[in-house]
Amino acid sequence: MSSENFSFNLLNEDHLARLGKINTHRGAIDTPAFMPVGTQGTVKSIFIDDLISSGTQIILSNTYHLMIRPGIERIKRVGGLHKFMNCRLPILTDSGGFQIMSLSNLVKIDEKNGAIFNSHIDGKKFVLSPEESIRIQKDLNSDIVMVLDECPKLTSDKNKLSQSIKLSINWAERSKKEFGNNFKKGLFGIIQGGIYKDLRLESLESLEKIDFDGYALGGLAVGETQDQMFKVLDEVTPSMPKNKPRYLMGVGTPSDILGAVKRGIDMFDCVMPTRSGRTGLAFTWEGRLNLRNSKYQKEDSPINENMNLRNLKAYSKSYINHLINSNEILASMILTMNNISFYQELMKKIRGTLKDNTFNDFYSKYYFSFSSILFNWLYERR
């Protein structure tokens, strides 16, 4: 079901955990929601129809990377990103703020002009201002637009973080002005401040004065521990507006998601299910499987007996191990479909428990098994 205007409905609360629905003119998004990452206009190794069949209701793409390649004019010419990539789902676009951190050796910050990049592809110089980032996202026809912010690296330098917040608030005000009144789209502000409660709350308070359709927590999943991340959520989410979606950017593992839902987060994105699929790793309810391991050469059972997407249960672990060792693309496709389906099944189960107020039981059953060594490996956001 779609709605002409962007809106959010809070349907139920189980302690701090929330069940909700984001309404867009392209369709509804049940929350808590996980967004597969399609940085360059594609979620790697999986077709859009298979994403939809997995239960995916929204994907994420990226302003910086699409601006670099193929270029915005090429996408604008056909009517936006949805038509360009044949996507019927709502799309959230990151603003390019994360690349200010991840490509820090190729960028200079200027408060007035924005981020001055040297392209990671060919070294060409270009400027991404708050206004330009919003204009690009409008040309992409994004359904949820993110303000341009500075995503700082993990640091204990509070003065540096404080200055970064002031810069990001200035850019948020300019982003909101450029966005204007577009009731079909959502514009999200991004809360920064590292691991410091006072800076996070200062950032949130300033963003609330500007007034956004949703609020994201940025600057996490950048090297802090899970305990540090959860401490930030404990300190900040109770102060976030209850009637707006809450988005934790770049997160994460299944245990990250369970812990963040418990603390009141509604939206997630991460490259983990797709990147893991391309490196021979499969998510299951029993743990993570490394199908590169020789022990799977003689295992003729499927990864998941109940997997119906593209009849993945027809492919044995032994066969997938062979595909991986032969560097066949089909291995990445099978594992990516499995992993995204696992993530969407996890979100669906979470939503079911929130509907009947049994989330804490579900959390207790799965959090510690998801936190085990099977799921504790390093990951990067986008």
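I'd like the full set of residues that are surrounded by 17 or more Cβ atoms within 10 Å (Cβ to Cβ), among the small types (G, A, S) and closer than 16 Å to S371 by Cβ, limited to region 259-300.
Of everything in region 259-300, those that are surrounded by 17 or more Cβ atoms within 10 Å (Cβ to Cβ), among the small types (G, A, S) and closer than 16 Å to S371 by Cβ turn out to be G259, A260.
Looking at R292, R310, which one is in a helix (DSSP H, G or I), out of contact with any Phe, Trp or Tyr (no Cβ under 6 Å at 6 or more places or on another chain) and not assigned by TED's automatic domain parsing to the domain that holds P32? I'd like the intermediate steps shown before the answer.
On the way: R292 fails: in a helix (DSSP H, G or I).
Criteria check complete, one pass: R310.
With the checklist (1) in a loop (DSSP other than H, G, I, E, B); (2) touching a Phe, Trp or Tyr at 6+ places or on another chain (Cβ under 6 Å); (3) of a type in the set (V, I, T) in hand, flag the one item T39 doesn't pass.
Unmet condition: (2).
Given (1) surrounded by 22 or more Cβ atoms within 10 Å (Cβ to Cβ); (2) without any contact (Cβ under 8 Å) to a residue 24 or more places away in the chain; (3) hydroxyl-bearing (S, T, Y), where does Y247 come up short, assuming only one miss?
Evaluating Y247 over (1) surrounded by 22 or more Cβ atoms within 10 Å (Cβ to Cβ); (2) without any contact (Cβ under 8 Å) to a residue 24 or more places away in the chain; (3) hydroxyl-bearing (S, T, Y) leaves (2) as the failure.
Would you please name the residue that is nearest to F8 (Cα to Cα), looking only at residues in region 189-214 that are of a type outside the set (D, E) and in a loop (DSSP other than H, G, I, E, B)?
Filtering region 189-214 down to residues of a type outside the set (D, E) leaves 189-197, 199-201, 203-204, 206-207, 209-210, 212, 214.
Those left that are additionally in a loop (DSSP other than H, G, I, E, B): 192-196, 212.
Values: Q192: 23, G193: 26, G194: 27, I195: 28, Y196: 28, F212: 12 Å.
Filtering first and then ranking leaves F212.
Considering G80, G27, G96, which residue is surrounded by fewer than 23 Cβ atoms within 10 Å (Cβ to Cβ) and either in contact with a helix residue (DSSP H, G or I) (Cβ under 9 Å, 6 or more places away or on another chain) or at pLDDT below 95 (or both)?
Values: G27 fails: either in contact with a helix residue (DSSP H, G or I) (Cβ under 9 Å, 6 or more places away or on another chain) or at pLDDT below 95 (or both); G96 fails: surrounded by fewer than 23 Cβ atoms within 10 Å (Cβ to Cβ).
The match here is G80.
Only one of these is in a loop (DSSP other than H, G, I, E, B) and either in contact with an Asp or Glu (Cβ under 8 Å, 6 or more places away or on another chain) or of a type in the set (A, V, I, L, M, F, W, C) (or both): G250, G223. Name it.
Numbers: G223 fails: either in contact with an Asp or Glu (Cβ under 8 Å, 6 or more places away or on another chain) or of a type in the set (A, V, I, L, M, F, W, C) (or both).
Just a single option satisfies the conditions, and that option is G250.
Looking at G352, G259, which is the one that is modelled with pLDDT of 95 or more and assigned by TED's automatic domain parsing to the domain that holds L19?
On the way: G352 fails: assigned by TED's automatic domain parsing to the domain that holds L19.
The conditions single out G259.
Out of (1) at positive phi; (2) in a helix (DSSP H, G or I), the odd one out for L233 is which?
It is condition (1) that L233 fails.
How many of the residues making up region 68-110 are without any contact (Cβ under 8 Å) to a residue 40 or more places away in the chain and in contact with a His (Cβ under 9 Å, 6 or more places away or on another chain)?
Selection size over region 68-110: 3.
Out of the residues in region 279-312 that are among the aliphatic types (A, V, I, L, M) and closer than 18 Å to L51 by Cα, state the one that is modelled with the lowest pLDDT. Before the answer, list the steps.
As a first pass, look at region 279-312 and keep what is among the aliphatic types (A, V, I, L, M): 281-282, 289, 291, 303, 307, 309, 312.
Still in the list and also closer than 18 Å to L51 by Cα: 282, 307, 309, 312.
Details: A282: 97, M307: 90, L309: 93, L312: 96.
By that ranking, first place goes to M307.
The values are calculated or read from the model by the stated rules, or taken from the named source; none is laboratory data. The shown structure was predicted, so the numbers you read here are calculated from the model rather than taken from an experiment. Glycine gets a Cβ as well: all are built from the backbone with ideal geometry, and neighbour counts include every protein chain shown.
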